[in-house]
1. Need the full-extension length gain, Leu14 to Ala86, defined as separation in residues times 0.36 nm minus the C-alpha distance. One decimal, nm.
2. R0 = 41 Å: FRET efficiency of Leu62 with Met139, Cβ-based, nearest 0.05?
3. Need one number: convex hull volume per residue for the range 1-127, Cα atoms only, in Å³.
4. What does the extension gain come out to for Arg24 and Lys108, with contour length at 0.36 nm per residue minus their alpha carbon separation?
5. Considering only protein heavy atoms and a 1.4 Å probe, what is the carbon-and-sulfur percentage of the accessible area of the range 20-71?
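The values are calculated or read from the model by the stated rules, or taken from the named source; none is laboratory data. Nothing here was measured: the structure is a model prediction, and the numbers come from that model. Cβ placement follows ideal geometry from the backbone for every residue including glycine, while neighbour counts extend to all protein chains displayed. Heads up: the accessible areas ignore ligands, DNA and RNA and are worked out on the full protein's heavy atoms, side chains in. Shrake-Rupley method; radii C 1.70, N 1.55, O 1.52, S 1.80 Å.
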Amino acid sequence: GVGKVDAVIVLCGLNDFKRLWMGRTSSVFRRDLDKFLVELRAKVGDECLIVLPALPMEETRLPEPLKTFAISMAYFFDEEKRDKAAREALTHFIPKPAMEIWEKAKSKGLIVADDGVHPNEAGYGVFGEYIAHEMAEIMQSPQELAMRSASLALRAAEGAMDLRDN
C-alpha cells in the first residue's frame, strides 16, 4: 500500500481542451476529474491535500488567433477545477501565476519547449517554484484547512437535508 501522503499535485486540462473537436468539453472533463479524484482519494486517504493548479497558457508560442482561443478554452477547464476545489474538502485550486513571474523567467531565456505549448525544463522550474510557494502557504495553516473542510462538510449536510425536505 501507499504510505502517508501529505499532498498530491494534479496537472490536468491541457490535453483535454486540445480534444474539444472530439467532444471533450469542460463538462466531460469535469465528470472524468470527479471520477479520477474519487480513485485518487481512495489511494491517498481523506487527510491528503489534493492541489489542482490552473494551467498558464499565456506563454505558449501558438500563432494567433489559436493562442487566444487556447487561453480562452483553458479558462473553462480551470473553472471546473476551481469549482471542484470549492466544494470538496482538502482539495485546493491554485490560480495562474501573475504575468510578472513569467516576465522575470523569460528575462533569463526560453521557458517554452520546442512544441510551443508545454514548458521546457526552465518553464517547469518556474511553475514548480510558484506551486511550491502556494502550497507552503496552504499547508502553513492546517487549522484553516480543517475549518474549510468542516465548513464544506456542513454545507454538504445542509444540502442533503434540503433534498430530504423537498
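1. Residue separation times 0.36 nm, minus the Cα-Cα distance, leaves 23.8 nm.
2. On the way: r = 34 Å, r/R0 = 0.84.
Here the calculated transfer efficiency is 0.75.
3. Looking at the range 1-127, the number lands at 128 Å³ per residue.
4. Value of the extension gain: 26.6 nm.
5. 64
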